[in-house]
């Protein structure tokens with residue numbers, strides 16, 4: 001009997017709204033979305049369309065007003081805070097536009113932060129760390145702090161940190177939005193390599209068609225709804 005879960009992310013009838021004074025602002029409306037293992041999905045849309053909100057909901061960083069989200073077949077809404085926190089550390093890796101690195105920690109320490117937060121022993125992950133540093137091309141920068149790195153190198157650290165717990169899914173919010181075009185291309189090539197060689201499911205939010213085309217599927221969000229062309 002094959003119990004393989006084909007859809008690693010499943011969103012059904014997803015709504016997100018918030019109160020602004022007397023007005024109810026609907027950010028997302030009736031989103032239905034299935035993402036399969038190994039896919040590289042690009043979510044595109046104009047500013048304010050709800051694309052980043054959708055990404056945060058899919059990763060459990062925000063909660064929907066209504067609807068359901070499953071990660072690897074597990075429904076987020078029935079998880080308690082501890083279970084959800086563990087899911088975010090182990091099943092999902094996050095990459096943000098502004099890197100979110102700790103300034104006074106070096107490259108190795110920033111990468112290993114999720115391992116520490118998960119209560120695991122750093123020494124058990126030495127081989128994993130070496131492998132990841134090689135993948136992102138930072139073997140010679142392991143002792144450097146973020147201020148000693150370029151923007152592209154900092155984003156590589158953030159990608160390495162997202163990989164260290166070996167999650168099935170990587171969610172990236174405008175991963176090259178803060179980089180020049182050449183560095184941005186290098187980062188997209190790296191993400192594509194991780195997708196193909198490590199079979200990681202990647203979902204990125206981007207406003208760049210060039211970046212979006214590194215994925216194998218583009219989903220457009222407009223006025224809070226998903227549009228399929």
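What follows is calculated from the coordinates using simple rules that are stated; it is not laboratory data. Keep in mind that what you see is a predicted model, and the values were worked out from it rather than measured. All Cβ positions, even for glycine, are placed from backbone atoms using ideal geometry, and neighbour counts span all protein chains on display.
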If I stretch the segment between residue 218 and residue 12 completely, what's the gain in nm (0.36 nm per residue apart, minus their alpha carbon distance), one decimal? 72.3 nm
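Between residue 56 and residue 225, what FRET efficiency follows from the Cβ-Cβ distance if R0 is 30 Å, with the result rounded to 0.05?
It comes out at approximately 0.95.
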Please determine, in degrees from 0 to 90 and to the nearest 10, the orientation of helix 126-136 with respect to the longest principal axis defined by the Cα atoms of the chain, where the helix direction is its Cα long axis. 70
Degrees, to the nearest 10: 181-198 long Cα axis against longest axis of the chain: 90
Can you give the Kirkwood hydrodynamic radius for segment 9-107, in Å, rounded to one decimal and based on Cα pairs? 15.1
What is the distance in Å between the Cα centres of segment 182-212 and segment 1-62? 19
Cα extents of the chain per principal axis, largest first, Å, are 51, 43, 42
Where does helix 81-90 land angle-wise versus the long Cα axis of the chain, in degrees 0 to 90, nearest 10? 50
What is the Å³ per residue value for the convex hull set by the Cα atoms of segment 49-154? 137
Could you work out Rg/(2.2 N^0.38 Å) for segment 112-161, with Rg from alpha carbons only? 1.14
Looking only at the chain, where both bridge partners belong to it, what percent of the DSSP beta bridges are antiparallel (to the nearest 5)? 55
If you build a Gaussian network model of the chain, linking Cα atoms that sit under 10 Å apart, which residue out of 73, 119, 59 swings the most? 119
Hey, what D do you get for segment 141-229 in µm²/s if you plug the Kirkwood alpha-carbon radius into Stokes-Einstein at 4 °C and 1.567 mPa s? 92
Contact order normalised by length for the chain, with contacts defined as Cα pairs under 8 Å and 6 or more residues apart; what percent is it? 30
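Per residue of the chain, what 222 nm ellipticity follows from adding -39500 (n - 2.57) for every DSSP H run with n ≥ 4, rounded to the nearest 500?
-10000 deg cm²/dmol
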